[in-house]
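Undergrad: Take this structure first; my questions come after.
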Amino acid sequence: MCGIVAYIGAGQAQPILIEGLKRLEYRGYDSAGLAVLDDAGLRLARSVGRVANLEEKLEKLGGFRGTIGVAHTRWATHGGVSETNAHPHRDDRAGICLVHNGIIENYASLRKYLEERGHRFTSETDTEVLAMLIGELYDGDLEAAVQAALREVTGAYAIVAMCEREPDVLVAARKGSPLMLGIGNGEYVLASDPSAIVAHTTQAIALDDYNVARVSRDGFRTSTVDNIDVTPRVMQLELDLEQIELGDFPHYMLKEIFEQPAALRNTMRGRLDTKEGKVVLGGLNSLAKELVRARKIILTAQGTALHAAMIGEYLLEDLAKIPCECEYASEFRYRNPIIEEGTVVVAVSQSGETADTLAALHEARDRGALALGVVNVVGSTIARDTDAGVYLRVGPEIGVASTKAFVGQVAVLTMISMFMARRRFMSPEASARMIAEMEQVPDKIERVLSLNDEIRRVTERYVERNNWLFLGRGYNYPTALEGALKLKEISYIHAEGMPAAEMKHGPIALIDDGMPVVFIANKGNQYDKVINNIEEVRSRGGHVIAIATEGDEQIREVAQEVIHVPEVADSLSPMVTVVPLQLIAYHAAVLRGHDVDKPRNLAKSVTVE
Ligand code: F6R
């Protein structure tokens, strides 16, 4: 969602804020804004579109000089995309300015109250309401005014406020949206995520819900909204700048697709004991007994992470023989779920901040479930709010379309399944065989990546088509869903994914002459059935793009296009078969001239419901 960055120190704030905004731009990019305090007071600039537009505007204005400031890149929730709705928002009476990520749910009643007290609003946003509320409650102490205002609001927020009358203070707070305070040498950077902090310092604290930080050049204090002192836990950020730079790649998405072999090796490093035929997951050791005795597992997530969780459902039932269900977090949280004794809930999330996934996790945990996290971002809210978990270790994912995190999620869910399976029904030999196969997956992905040019040429032949189908069975049914999601989210081509057999029950009516239908047709358990489904499509004029196993030349008799991937065990195959689908989506978006890393209407990390 939105990205926040704020600075106080000895340096000039504007370039630091702009650089931070660029690093956070993947979080939201419909408009941006920045405010700096100088001797004359508050200087503010906002613009619609990308951070580059804001930079241009600042250049025309001659730039702002000052060593304290706040900045924001927006993903609209309340009010359309316009300069007046962009942040920062201000209360001119008190000289307060505010950036905010999240949603103030009771903003309408607060706005009415403030209007009655003479406040005039210039935007449609909930953030301006919060700025005015802080202003209304301001009595010479910004920290106290922020605390008092936050006691009145419901909803989610990460905020940073500053005030003309206290030019040496930033006040930040969070509930439900991430915010970190980077602690440098005589300077502080507040930001929505570490990528905007690591250029300055690797020491940081992640604010907890209902925490407020008062930051000045001399130091900082953390408290609750009720003004009770909180002892901060300083952590070391494990992120280096190189990981978040584009390098020689034209887009982050392509970089991250190509990083998958290395990312996966990192995910597996030290966790696969080939000799003993065991999976070693330090994060789960303390709960191993409870996990072995689990009676039911609920996997919950959204989007791409949900597709990975669906594969996890197949894996856990198939390998560990534990009844599983996989649910959209947004549905699960509101449907009064039944949680019986022995239920384990697994929240799967790249960011660890997805609002629905977090709420589903809380719902299940409050009803007595043991909570596990499968998360990429270390120290994120989901990681902190679970009883135990396993990190993906795939490195920061900047491209809005999730790629390497998907492969990492599937790998971790495979390892969790094997961790449980080996303690339940799996023999050491079977486990050792699977571990040995799993260790080869990164090399197999590398072989698929070497087909990049061929995949681009296949995509070129169909890129003008506006309707695509993605079909698969078994382990590769969720892969088909993921292929369709990737294509639609970055190329804006309509695509549907479904189980191959489901096509006959209605969607087959869509198939007309030349319609591209992508089949995941690797040599797995249901290969013959998939071939039957291919015939059904072909006989209705559809053009089949088959993701097939190396050596399967016969499939050319039924498919117009064949992309061969290395042979891999069925249960491990999604990590390999998804790669050509990611590349098809990438090339389709580039060929259609879209901004791959910043697709329209989307944002990374959905921290609102
Ligand atoms: C799609 C995509 C989204 C996310 C979803 C969950 O490419 O990235 O569908 O997978 O918003 O996000 P996380 O994994 O951060 O919980």
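Undergrad: Could you check segment 563-609 and list, in sequence order, the residues that are among the small types (Gly, Ala, Ser), more than 16 Å from the ligand (Cβ to nearest atom) and over 30 Å from Arg333 (Cα atoms)?
TA: Ala569, Ser573, Gly593 - these are the residues of segment 563-609 that are among the small types (Gly, Ala, Ser), more than 16 Å from the ligand (Cβ to nearest atom) and over 30 Å from Arg333 (Cα atoms).
Undergrad: Which count do you get for residues in segment 289-308 that are without any contact (Cβ under 8 Å) to a residue 60 or more places away in the chain, more than 16 Å from the ligand (Cβ to nearest atom) and part of a helix (DSSP H, G or I)?
TA: 1
Undergrad: List pairs: first in segment 22-50 and without any contact (Cβ under 8 Å) to a residue 60 or more places away in the chain and in a strand (DSSP E or B), second of a type in the set (Val, Ile, Thr) and open to solvent by 20 Å² or more (accessible area, probe 1.4 Å), Cβ under 7 Å, 6+ apart or cross-chain?
TA: Close Cβ pairs (under 7 Å, with a partner that is of a type in the set (Val, Ile, Thr) and open to solvent by 20 Å² or more (accessible area, probe 1.4 Å)) amount to Ser31/Val48; Ser31/Val81; Val48/Val81.
Undergrad: Can you say whether Asp595 is out of contact with any His (no Cβ under 8 Å at 6 or more places or on another chain) and modelled with pLDDT under 95, as far as the supplied structure shows?
TA: Yes; evaluated as a whole, the condition is true for this residue.
Undergrad: Looking at segment 537-575 only, could you name the residues that are open to solvent by 70 Å² or more (accessible area, probe 1.4 Å) and within 18 Å of Val458 (Cβ to Cβ)?
TA: Arg538, Glu550, Glu553, Arg556, Glu557, Gln560 - these are the residues of segment 537-575 that are open to solvent by 70 Å² or more (accessible area, probe 1.4 Å) and within 18 Å of Val458 (Cβ to Cβ).
Undergrad: Here is a follow-up. Among the candidates Gly395, Gly373, Gly379, which residue alone is over 20 Å from Ile311 (Cβ atoms) and touching an Asp or Glu at 6+ places or on another chain (Cβ under 9 Å)?
TA: The unique qualifying residue is Gly395.
Undergrad: Please enumerate the residues belonging to segment 516-541 that are of a type in the set (Gly, Ala, Ser) and either part of a helix (DSSP H, G or I) or at pLDDT 95 or above (or both).
TA: Scanning segment 516-541 gives a single hit, Ala521.
Undergrad: Residue check: is Arg367 open to solvent by 40 Å² or more (accessible area, probe 1.4 Å), away from the ligand (no atom under 16 Å from the Cβ), on the phi < 0 side of the Ramachandran plot and at pLDDT 95 or above?
TA: Considered against the rule, which asks whether it is open to solvent by 40 Å² or more (accessible area, probe 1.4 Å), away from the ligand (no atom under 16 Å from the Cβ), on the phi < 0 side of the Ramachandran plot and at pLDDT 95 or above, Arg367 comes out as yes.
Undergrad: Select, from Thr222, Thr201, the only residue that is of a type outside the set (Phe, Trp, Tyr) and closer than 18 Å to Gln12 by Cβ.
TA: The match here is Thr201.
Undergrad: Let me ask something additional. Go through (1) open to solvent by 60 Å² or more (accessible area, probe 1.4 Å); (2) touching a residue at least 60 places away in the same chain (Cβ under 8 Å); (3) farther than 17 Å from Ala13 by Cα one by one and return the number of the condition Val212 breaks.
TA: (1)
Undergrad: When you scan segment 511-536, how many residues do you find that are buried (at least 22 other Cβ atoms within 10 Å of the Cβ) and closer than 18 Å to Thr459 by Cα?
TA: Summing the residues that are buried (at least 22 other Cβ atoms within 10 Å of the Cβ) and closer than 18 Å to Thr459 by Cα in segment 511-536 gives 6.
Undergrad: In this structure, does Glu19 turn out to be open to solvent by 40 Å² or more (accessible area, probe 1.4 Å), more than 22 Å from Leu130 (Cα to Cα) and not assigned by TED's automatic domain parsing to the domain that holds Glu353?
TA: Here the answer is yes, as Glu19 does meet what is asked.
Undergrad: Same structure, new question: Identify all residues within segment 586-609 that are farther than 16 Å from Phe249 by Cβ and not in a loop (DSSP other than H, G, I, E, B); write none if there are none.
TA: Restricting attention to segment 586-609, the residues satisfying the condition of being farther than 16 Å from Phe249 by Cβ are 588, 591-594, 599-609.
Within segment 586-609, Ala588, Leu591 meet the criteria.
Undergrad: Let me ask something else. Which one is nearest to the ligand (Cβ to nearest atom), of the residues in segment 487-510 that are open to solvent by 70 Å² or more (accessible area, probe 1.4 Å) and outside any strand (DSSP E or B)? Step through it out loud before you land on a result.
TA: First pass over segment 487-510, keeping only residues open to solvent by 70 Å² or more (accessible area, probe 1.4 Å): 488, 494, 502, 504-505, 509-510.
Restricting the remaining residues to those that are outside any strand (DSSP E or B) gives 488, 502, 504-505, 509-510.
On the way: Lys488: 10, Glu502: 21, Lys504: 28, His505: 26, Ala509: 28, Leu510: 23 Å.
Only one residue fits best here, namely Lys488.
Undergrad: Cβ-Cβ under 6 Å, sequence separation 6+ or interchain: first residue in segment 100-122 and in a loop (DSSP other than H, G, I, E, B), partner open to solvent by 40 Å² or more (accessible area, probe 1.4 Å). Which pairs?
TA: Note: pairs meeting the criteria are Glu105/Thr154; Asn106/Thr154; Thr122/Thr84.
Undergrad: I'm told Asp513 meets every condition in (1) in a loop (DSSP other than H, G, I, E, B); (2) within 20 Å of Pro478 (Cβ to Cβ) except one. Can you identify the failing condition by its number?
TA: The one condition Asp513 does not meet is (2).
Undergrad: Additional query: How many residues are touching a residue at least 60 places away in the same chain (Cβ under 8 Å) and either in a loop (DSSP other than H, G, I, E, B) or touching a Pro at 6+ places or on another chain (Cβ under 8 Å) (or both) when one looks only at segment 315-338?
TA: Looking only at that region, the number is 2.
Undergrad: Going by the conditions given, is Gly270 part of a loop (DSSP other than H, G, I, E, B), outside the structural domain of Arg90 (by TED's automatic domain parsing) and surrounded by fewer than 16 Cβ atoms within 10 Å (Cβ to Cβ)?
TA: For Gly270, the condition - part of a loop (DSSP other than H, G, I, E, B), outside the structural domain of Arg90 (by TED's automatic domain parsing) and surrounded by fewer than 16 Cβ atoms within 10 Å (Cβ to Cβ) - is met.
Undergrad: Val129 passes all but one of (1) assigned to a loop (DSSP other than H, G, I, E, B); (2) over 16 Å from Ala71 (Cα atoms); (3) in contact (Cβ under 8 Å) with a residue 12 or more places away in the chain; which number fails?
TA: (1) is the only condition that Val129 fails.
Undergrad: Within segment 309-362, track down each residue that is surrounded by 19 or more Cβ atoms within 10 Å (Cβ to Cβ), under 19 Å from Arg422 (Cα atoms) and away from the ligand (no atom under 16 Å from the Cβ).
TA: Of everything in segment 309-362, those that are surrounded by 19 or more Cβ atoms within 10 Å (Cβ to Cβ), under 19 Å from Arg422 (Cα atoms) and away from the ligand (no atom under 16 Å from the Cβ) turn out to be Glu313, Tyr314, Leu315, Leu316, Leu319, Ala320, Ile322, Cys324, Val344.
Undergrad: Please pick out the residue among Ala305, Ala288, Ala301, Ala294 that is of a type in the set (Gly, Ala, Ser) and closer than 20 Å to Leu572 by Cα.
TA: Going through Ala305, Ala288, Ala301, Ala294 in turn, the sole match is Ala305.
The values are calculated or read from the model by the stated rules, or taken from the named source; none is laboratory data. Owing to the predicted nature of the structure, the values given are computational and were not obtained by experimental measurement. All Cβ positions, glycine included, derive from the backbone under ideal geometry; neighbour counts span all protein chains shown. For accessibility, only protein heavy atoms count, side chains too; no ligands or nucleic acids. Shrake-Rupley method; radii C 1.70, N 1.55, O 1.52, S 1.80 Å.
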